[in-house]
Amino acid sequence: MVNLVAAQTPLLHGLMKMAGVQPHRVEIEPGTVMNFWVPNETVKKPQKGEKNKTPTLTKPNKPVIVLVHGFAAEGIVTWQFQVGALTKKYSVYIPDLLFFGSSITDKTDRSPTFQAETLVKGLKKFGIEKCIVVGFSYGGMVAFKMAELYPDLVQAMVISGSILAMTDSISEATLSELGFKSSSELLLPDSVKGLKTLLSVATYKKLWFPNRLHKDYLEVMFTNRKERAELLEGLVINNKDPTIPRRYISYGGRTTKSSIWGSHRT
């Protein structure tokens, strides 16, 4: 039986290319490859007859915006409805984080820091020196790490549905409130019921899809389950960890002191 989600993938990719972005895989280092959706104009494919078959990468000619996805889907699926509007004014880059899409590594590090470092290495291969980062959920925590480690690269951030860091107390309280025993049980569903629960938590409006579509989505989007479970384990830090970040973040001209325990306006 045809997987409906897999069947519509070529159509989605075609629409994204029409909107101004195309996929390009980058070898970060031996054993680590990250897939990006990049502006069409930055990838020059070799002409017929040329000996060098490797596409030539050029620097972006507009302000750069990097869209970092969450745990429920790869990059282009998460951000497909934003691409068309953003490419008019920005050079849009959409990575697939490690173990999502076709991004993979043979390294054992599963921390958000390693994700951030790998993502930044990829961006630098495209000649990116400054960027705005938009992060959703898990991608928000990776984005915070990018800003912490590379302040000269990250000019501004937009974060939704995320926190600076996931401590064990926050993890336990959140899972208890939602009725789950572990992060993997919530974020790596293996049933239609589990996926519906995840989507109800992750989306503002309730979306109705037939069970067949949910089942097909599970097969396509939740690959590399072992490695993703390890990513979730690497996400949680101890409350007493001295490296828990605190930053001052500006909201509409006001300065807010933000930490993993919440925020307040000053």
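The values are calculated or read from the model by the stated rules, or taken from the named source; none is laboratory data. Because the structure is predicted, anything quoted here is derived from the model rather than measured. For neighbour counting, all protein chains shown are included, and Cβ atoms are generated from backbone atoms with ideal geometry for every residue, glycine included. Heavy atoms of the whole protein, side chains included, go into the accessibility calculation; ligands, DNA and RNA do not. Shrake-Rupley method; radii C 1.70, N 1.55, O 1.52, S 1.80 Å.
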Response to the item:
Dividing the mean separation of Cα pairs under 8 Å (6+ apart) by the residue count of the chain yields a relative contact order in percent of 17 percent
Worksheet item: How about segment 165-212: which trypsin sites (Lys or Arg not before Pro) there are in a DSSP loop, with at most 15 other Cβ atoms within 10 Å of their Cβ?
Response: K181, K205, K206
Worksheet entry | Globularity index of the chain, i.e. its alpha-carbon radius of gyration over 2.2 N^0.38 Å | 1.03
Worksheet item: According to the square roots a ≥ b ≥ c of the eigenvalues of the Cα gyration tensor, what is the shape class of segment 4-52, taking rounded for a/c under 1.5, prolate for a/b larger than b/c otherwise, and oblate for the remainder?
Response: oblate
Worksheet entry | Taking the convex hull of Cα positions in segment 102-230, its mean projected area over all directions (nm²) | 9.2 nm²
Discussion item. Restricting to DSSP H runs of at least four residues, report the calculated mean residue ellipticity at 222 nm for the chain, -39500 (n - 2.57) per run over all residues, nearest 500 deg cm²/dmol.
Written reply: -12000 deg cm²/dmol
Practice prompt. Mind telling me which of F180, F136, F36 comes out most flexible in a GNM of the chain, alpha-carbon contacts under 10 Å?
Written response: F180
Fill in: Fluctuation leader among V154, V201, V83 - the chain, Gaussian network, Cα springs under 10 angstrom
V201
Discussion item. Counting only protein heavy atoms and a 1.4 Å probe, tell me what percentage of the chain's accessible area is made up of carbon and sulfur.
Written reply: 55 percent
Worksheet item: Between S183, F222, L153, whose Cα lies farthest towards the positive end of the dipole of the chain when Lys and Arg beta carbons carry +1 and Asp and Glu beta carbons carry -1, centred on the Cα centre?
Response: L153
Worksheet, complete the sentence: Of the candidates M18, V66, Q47, the farthest towards the positive dipole end of segment 1-132 (Lys/Arg Cβ +1, Asp/Glu Cβ -1, centred on the Cα centre) is Q47
Discussion item. Can you tell me how segment 22-117 classifies by the Cα gyration tensor, rounded, prolate or oblate, using a/c under 1.5 as the rounded cut?
Written reply: oblate
Discussion item. I'd like the per residue volume of the convex hull spanned by the Cα atoms of segment 36-182, given in cubic angstrom.
Written reply: 137 Å³
Worksheet item: How would you classify segment 124-187 from its alpha-carbon gyration tensor, with a ≥ b ≥ c the square roots of the eigenvalues: rounded for a/c under 1.5, else prolate if a/b is greater than b/c, otherwise oblate?
Response: prolate
Fill in: segment 17-94-segment 139-169 distance, computed between alpha-carbon centres (Å)
21 Å
Discussion item. Keeping every protein chain present and rolling a 1.4 Å probe, give me the accessible area per residue for the chain in Å².
Written reply: 55 Å²
Worksheet item: How large is ³J(HN,Hα) for each residue in segment 57-74, as worked out from phi by the Karplus curve 6.51 cos²θ - 1.76 cosθ + 1.60 (θ = phi - 60°), to whole Hz, x for Gly and Pro?
Response: 9, 10, 6, x, 10, 9, x, 9, 10, 10, 9, 10, 7, x, 8, 8, 7, 6
Practice prompt. Could you list which residues have their amide H under 5 Å from that of V158, counting only those 5 or more apart in sequence or on another chain, with H placed in the peptide plane?
Written response: V133, V134, G135
Worksheet item: Based on Cβ point charges of +1 for Lys and Arg and -1 for Asp and Glu, what charge dipole magnitude is obtained for the chain about its Cα centre, in debye rounded to the nearest 20?
Response: 960 debye
Worksheet item: Given the options Q155, Q47, Q115, which has the most mean-square fluctuation in a GNM of the chain, springs set between C-alpha atoms less than 10 angstrom apart?
Response: Q47
Fill in: Longest exposed-site-free window of the chain, the sites being GluC sites (Glu not before Pro) in a DSSP loop that have at most 16 other C-beta atoms within 10 Å
130-266
